[in-house]
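S.K.: What follows is a structure written as structure tokens; I'll ask about it next.
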Amino acid sequence: MEARRSRSAGADKRFAALDLLATLVAVVDDRGHVRYANHALEDAIGLSRRNLADVPLTEWVTQPELLQSALDGARGHEYAVIRYDTHLKRLLREPLPVHLVLASTEWPDHRVVEMLPLEQQTRQEREERLLEQAQANKELIRNLAHEIKNPLGGIRGAAQLLQMELAERDDLVEYTEVIVHEADRLQSLVDRLLAPHRRAPVMADVNIHEVCERVRAIILAEFPRGLSVVRDYDTSIPEFRGDRELLIQAVLNLAHNAAHALKDRIAAGDACITFRTRVQRQVTFGKRRFRLALELHVIDNGPGVPEEIKDRIFYPLVSGRDGGSGLGLTLAQTFVQQHQGLIECDSRPGYTDFKILIPLP
């Protein structure tokens, strides 16, 4: 067995290019035994290619008879390509739904089995929608803000002139003060809408845990009682190029949203926000593939995102709480996208996870 595994491992150089793929790929011989497994398949199953070598691939799918029939048909040249949906078994995890594609290769007596996780396909479609939505939002916000800003300045100026003319009429000056105050409030809102587009990111080496610690200190200063902020860090994550201040603002917006959603639990004394950092390998998002990516999770034990706004939470001016501006998530997504990343949300009652993904060098 060890000799066979050594021979299988020795074939690595021929198939090394398969490690560049984000999909799960195995090269099998005519018996259906694994000759090579790429990195993505290793990660999915939870075993190294050395341990998978010379093992029947049928042992790792939930419908082995279907795969065996497909292999028999391919060996008899009955089919060039075979496709069907099945589940890939994994160590210590639930089976993974995949779309399996079996195809012949240029290598004699070898077949390629490619498995595209169905959840990954769904996720890619969701990411594309998020990116398109963000681009549309950016153009809408920029145009709308400029359209508002010019007449707003005129309204404020006219109100101030009127206020000067009515200096001795206290009952009427009160109305002009309301106009000036509300004009200033709208001006502040417009400035916040335009803020992400007014300057290019200032790139430097960033330690993500310094970012988290800064945000943690701010949140605990604002909510000193009833809220715990838990650290769950992977300290091996390398520094990367980014704008530290923009990332602090992005994470702070997520943490602020979480803290405000936890107001009832803060009152009860059992509110919790968790900052979790991990590295994800061979990840594809934004139609691009990256060897490594940072995962930063901001998790809370609050009531969850309201169902009626789940699909719109990154839209500008959409808020799940009274008094919210609806800009926090929009700006956070913009700041993260300026780092070639994106934010995803998984929410249900008692658990909300906003996950930031950023490529690593």
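The values are calculated or read from the model by the stated rules, or taken from the named source; none is laboratory data. Note that the coordinates shown come from a computational prediction; the quantities given were computed from them, not determined experimentally. When we count neighbours, we look across all protein chains shown, and the Cβ atoms used for this are built from the backbone with ideal geometry, even at glycine.
S.K.: For residues in the range 242-267 being not in a helix (DSSP H, G or I) and not aliphatic (A, V, I, L, M), which is surrounded by the fewest Cβ atoms within 10 Å (Cβ to Cβ)? Walk me through it before giving the result.
M.R.: Residues of the range 242-267 that are not in a helix (DSSP H, G or I), as a first pass: 242-243, 262.
Then keep just the ones that are not aliphatic (A, V, I, L, M); that gives 242-243.
Working: Gly242: 25, Asp243: 19.
Among those residues, the one meeting the criterion is Asp243.
S.K.: A further question on this structure: Yes or no: the range 285-298 includes at least one residue that is more than 28 Å from Asn207 (Cβ to Cβ), within 18 Å of the chain's Cα centre (by Cα) and at pLDDT below 75. Reasoning before the result, please.
M.R.: Of the range 285-298, the ones more than 28 Å from Asn207 (Cβ to Cβ) are 287.
Add one more test, that the residue is within 18 Å of the chain's Cα centre (by Cα), and what stays is 287.
Within this subset, residues satisfying the condition of being at pLDDT below 75 are 287.
Looking through the range 285-298, at least one residue is more than 28 Å from Asn207 (Cβ to Cβ), within 18 Å of the chain's Cα centre (by Cα) and at pLDDT below 75.
S.K.: Out of (1) in a helix (DSSP H, G or I); (2) surrounded by fewer than 17 Cβ atoms within 10 Å (Cβ to Cβ), the odd one out for Arg289 is which?
M.R.: Here Arg289 clears every test but (1).
S.K.: In the range 264-275, which residues are charged (D, E, K, R) and touching a strand residue (DSSP E or B) at 6+ places or on another chain (Cβ under 8 Å)? If you could, list the steps in order and put the result at the bottom.
M.R.: As a first pass, look at the range 264-275 and keep what is charged (D, E, K, R): 264-265, 270.
The answer is Arg265, and nothing else.
S.K.: Looking only at the range 151-174, decide whether some residue is modelled with pLDDT under 80 and either of a type in the set (Phe, Trp, Tyr) or under 30 Å from the mean Cα position of the chain (by Cα) (or both).
M.R.: Within the range 151-174 (the criterion being modelled with pLDDT under 80 and either of a type in the set (Phe, Trp, Tyr) or under 30 Å from the mean Cα position of the chain (by Cα) (or both)), the answer is no, since none of the residues qualifies.
S.K.: Evaluate the following for Val251: is it touching a residue at least 60 places away in the same chain (Cβ under 8 Å), among the β-branched types (Val, Ile, Thr) and touching a strand residue (DSSP E or B) at 6+ places or on another chain (Cβ under 9 Å)? Explain how you work it out, then say what you get.
M.R.: On the way: touching a residue at least 60 places away in the same chain (Cβ under 8 Å): yes; among the β-branched types (Val, Ile, Thr): yes; touching a strand residue (DSSP E or B) at 6+ places or on another chain (Cβ under 9 Å): yes.
Taking the combined requirement at face value, the residue satisfies it.
S.K.: Moving on. Inside the range 215-237, can you point out the residues that are of a type in the set (Lys, Arg) and either within 20 Å of the chain's Cα centre (by Cα) or more than 24 Å from Val279 (Cα to Cα) (or both)? First the steps, then the outcome.
M.R.: Within the range 215-237, the first condition is being of a type in the set (Lys, Arg), and the residues that meet it are 216, 225, 231.
Hits for the range 215-237 are Arg225, Arg231.
S.K.: Can I ask one more? Please work out which one of (1) touching a His at 6+ places or on another chain (Cβ under 9 Å); (2) surrounded by 15 or more Cβ atoms within 10 Å (Cβ to Cβ) is the condition Asp30 fails and give its number.
M.R.: (2)
S.K.: Please report, ordered by residue number, the helices (runs of 4 or more DSSP H) entirely within the range 12-104 with at least 2 residues that are of a type in the set (A, V, I, L, M) and not assigned by TED's automatic domain parsing to the domain that holds Gln280. Outline the logic, then answer.
M.R.: Working: elements: 12-15, 39-45, 49-52, 64-75.
By residue number, 39-45, 64-75.
S.K.: Something else now. Can you work out which of the residues in the range 334-344 that are under 18 Å from Leu360 (Cα atoms) and in a helix (DSSP H, G or I) is modelled with the highest pLDDT? If you could, list the steps in order and put the result at the bottom.
M.R.: Just the residues of the range 334-344 that are under 18 Å from Leu360 (Cα atoms), to begin with: 335-344.
Checking the rest, the ones that are also in a helix (DSSP H, G or I) come to 335-337.
On the way: Phe335: 88, Val336: 91, Gln337: 86.
This residue is Val336.
S.K.: Also, quick follow-up: Only one of Asp270, Asp300 is among the acidic types (Asp, Glu), more than 13 Å from Leu360 (Cβ to Cβ) and surrounded by 19 or more Cβ atoms within 10 Å (Cβ to Cβ); which? Walk me through it before giving the result.
M.R.: Working: Asp270 fails: surrounded by 19 or more Cβ atoms within 10 Å (Cβ to Cβ).
Result of the check over Asp270, Asp300: Asp300.
S.K.: What is the one condition in (1) more than 20 Å from Leu116 (Cα to Cα); (2) at pLDDT 90 or above that Gly76 does not satisfy?
M.R.: In the conditions (1) more than 20 Å from Leu116 (Cα to Cα); (2) at pLDDT 90 or above, Gly76 misses (2) alone.
S.K.: Something else: Please state which of the following conditions Leu92 fails to meet, knowing it meets all the rest: (1) surrounded by fewer than 17 Cβ atoms within 10 Å (Cβ to Cβ); (2) under 14 Å from His33 (Cα atoms).
M.R.: (2)
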